[in-house]
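Reading through the structure tokens given below for one structure.
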Amino acid sequence: MTMDKLLTVCGLSLEVARTGQQVVKSVSFDLAPGEIFGIVGESGSGKTLATRALISLLPPTIKVADGSVSYKGRDVLKMKENELRHLRGAEIGVVFQEPMTSLNPSMTIGRQLEEGLILHTKASAQERRSLILDMLKRVGIRDPEGALSSYPHEFSGGMRQRIMLASVMLLKPALLIADEPTTALDAVIQRDVMELMVELTRAEGTAILLISHDLPMVARYTSRIVVMEKGAIVEKGRTEDLLKAPQHPYTKKLLSSLPFRGRPRQIDLTSVPMISARDIIVDYAGRKSLFRKNKPKRALHGVSIDIHEGEVVALVGGSGSGKTTLGRTIAGLVTESEGRIQFQGRPRTENWTDYRLNCQMVFQDPYSSLDPRMTIEALVEEALRPVPGLDGKAKRKRTLETLEEVGLGVDYAGRYPHELSGGQRQRVAIARAIARRPRFLIADEPVSALDVTVRAQVLDLFSDLQKRYGFSCLFISHDLGVVEQVADRVVVMQDGRIIEEGDRDTIFDSPKEAYTRRLLSAIPALDQNEKGGVTLKWRLEN
């Protein structure tokens, strides 16, 4: 190892201890001090396992079969447990994908941030408090003093990720491993967290190892990347060069799976809307107190929206903007405090049964929305129970036809949800929704938890089904790249209000509101080239 390398991984191979099956195969790369280095690949590519081996945090079922990991000239794989304890946190920090599982829900933020300082520094209690408050200010926590006595559940996902970043950077590590640090966050918060991470690490000279399947994000922040498939590195190089001219078919497949804008469709906006929501107000009960009156929290402030026949209307906005509340209210899962909702020009309450048959919903997480004790066939057939005029034989026929339509087929009918991948479970959720042949579909973040190639497959499936059956759709998403591909019209929400709406091209090319411009500036515009690569250009930036 040369002295200008902070970390050198050479021929690292990992295998399942019980079977000997290799899950990481001869991975090699190096990292210089202060460098931002990316590892990209889909779920199951081995990128997380490979990086966990760098600090000897492998699951008990996985063991190192071969290779070495050298950090500042020391072999990490040969370190004893007490050496590793000094290495983790103080020298190498880790920001995990989901901060809610990384932060202890039973401990205050102050205690959790202080823990690392107690273990790795000799700072006094007063010095520790001063360091913590200063770091909380740097990561953008509005009330650092109040945060010390608060618990993780009292913060949004973006704020929790900032706190997690603060806990890591307090110790000024030489290397920061960021494992999918922004996957569950909306576009603006993703960019804010990444910019903050880069700013903090540059100030301290910290190197970053960024693990992600989000290629645009990796492209923006890294200088070099490696691409992993099935446990092996298939391509590596300078980020810009690799994206412009990928050599390996898998890299080309990843890049071709990124969302691109399609041609605009002609939608008749003069007809009676399929769904018309007018002046919708939703109030949630506030926190109860013995000494003060319970004050409700207003989630929607007089929102109005129309969705026409065959139209896909995308509802976008940051976390807490009210988009999911609006979708659930239209679906009848949340009761509006004020306002009215019409279905095909008539109040939905006039024929509630017909409305529920024709309004279906696809949820964000199919694993929690599918009963784990039911087979796939039973799950899809369950949606047909209330449909009049279908006997048992007809229901089974419709169920199997629907499974074929979503690309699963009869072979999957007898399986259970846990036997399917995330993309396959989302196909089942879509099958349940379209089995009744509904006139209106609400898709709430239907692809946010999926890898880039699986996401592309599900979006293509969704578009094919929408063309085949012509259902209207309210597509709720914080992924503006996906919205650009599927939407006919875009509605932007902020703080429970609609602030801008229009056809897709107008909103993406000429947004009027500052908030919309901020949303769009957080995602890239992608141009494909003849070499199977892409050029990334950040929107609304001169």
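Derivation of every value follows stated rules applied to the coordinates shown; laboratory data play no part. Keep in mind that what you see is a predicted model, and the values were worked out from it rather than measured. Cβ sites come from the backbone with ideal geometry, for glycine too, and all protein chains shown count toward neighbours.
Between residue 419 and residue 319, what length comes free when the chain is fully extended (0.36 nm per residue of separation minus the Cα-Cα distance, one decimal in nm)?
Extra length from residue 419 to residue 319 when fully extended: 32.9 nm.
For the modelled label position 7 Å from the Cα of residue 394 along Cα-to-Cβ, which residues of the range 355-372 have backbone nitrogen atoms closer than 17 Å?
Hits in the range 355-372 for residue 394 at 17 Å: 357-358.
Only counting other Cβ atoms within 10 Å, I'd like 25, 122 sorted with the fewest neighbours first.
Taking fewest neighbouring Cβ atoms as first place, the list is 122, 25.
What trypsin sites (Lys or Arg not before Pro) does the range 322-369 have in DSSP loop regions with at most 12 other beta carbons within 10 Å?
none
Tell me the label-point distance for the pair residue 149, residue 506, using the 7 Å Cα-to-Cβ offset, in nm and rounded to one decimal.
5.1
If R₀ is 60 angstrom, what is the calculated FRET efficiency for the pair residue 283 and residue 85, using the beta carbon separation as r and rounding to 0.05?
On the way: r = 50 Å, r/R0 = 0.83.
Plugging the Cβ-Cβ distance into 1/(1 + (r/R0)^6) gives 0.75.
Using 1/(1 + (r/R0)^6) with R0 = 35 angstrom and r between the beta carbons of residue 521 and residue 256, what's the FRET efficiency to the nearest 0.05?
0.90
By a straight-distance test (C-alpha under 17 Å), which lysines pair with residue 72 as possible cross-link partners, with residues fewer than eight away in the same chain excluded?
Reachable lysines: 5, 80, 172.
Name the chymotrypsin sites (Phe, Trp or Tyr not before Pro) in the range 291-363 that are in a loop by DSSP and that have at most 15 other C-beta atoms within 10 Å, would you?
291
With viscosity set to 0.692 mPa s at 37 °C, what whole-number translational diffusion coefficient in µm²/s follows for the range 1-61 from Stokes-Einstein and a Kirkwood radius over Cα pairs?
In µm²/s, the coefficient rounds to 257.
Quick one: Cα centre-to-centre distance for the range 479-542 and the range 335-414, in angstrom?
Between the Cα centre of the range 479-542 and that of the range 335-414, the gap is 32 Å.
Counting DSSP beta bridges with both partners in the range 275-538, what percentage is antiparallel, nearest 5?
Values: 25 of 42 bridges.
Just about 60 percent of them are antiparallel.
Quick one: 3J(HN,Hα) in Hz for the range 248-265, Karplus 6.51/-1.76/1.60 with θ = phi - 60°, rounded, Gly and Pro as x.
3J(HN,Hα) across the range 248-265, in whole Hz: 8, x, 5, 5, 4, 5, 4, 5, 6, 7, 5, x, 10, 6, x, 6, x, 9.
Antiparallel as a % of all DSSP beta bridges within the chain, to the nearest 5?
Expressed as a percentage, antiparallel bridges in the chain total about 55.
With each run of n ≥ 4 DSSP H residues scored as -39500 (n - 2.57), what mean residue ellipticity at 222 nm is computed for the chain after dividing by its residue count and rounding to the nearest 500 deg cm²/dmol? Show your work: numbers first, answer last.
On the way: 21 runs with 193 residues, N = 542.
Helices in the chain give a 222 nm mean residue ellipticity of -10000 deg cm²/dmol.
What does DSSP give for the range 397-542 in terms of the percent of beta bridges that are antiparallel, rounded to the nearest 5?
DSSP beta bridges in the range 397-542 are roughly 70 percent antiparallel.
List the residues, sorted by chain then number, that are 5 or more residues from residue 539 or on another chain and whose placed amide H is less than 5 Å from its amide H.
HN-HN under 5 Å from residue 539: 523, 525.
Starting from the alpha-carbon convex hull of the chain, give the projected area averaged over all orientations, in nm².
Taking the Cα atoms of the chain, their convex hull projects to 28.8 nm² on average.
Hey, got a sec? Which trypsin sites (Lys or Arg not before Pro) in the range 485-542 land in a DSSP loop and have at most 13 other Cβ atoms within 10 Å? Mind dumping the intermediate values first?
Values: sites: 489, 497, 504, 512, 517, 518, 531, 537, 539; in loops: 512, 531, 539.
Filter output for the range 485-542: 512, 531.
Can you list the aspartates and glutamates whose alpha carbon sits under 19 Å from that of residue 78, skipping same-chain ones fewer than 8 residues off?
Result set, ordered by chain and number: 15, 30, 66, 91.
How high is the FRET efficiency between residue 57 and residue 350 when r is their beta carbon distance and R₀ equals 41 Å, given to the nearest 0.05?
Values: r = 59 Å, r/R0 = 1.44.
According to the calculation, E is roughly 0.10.
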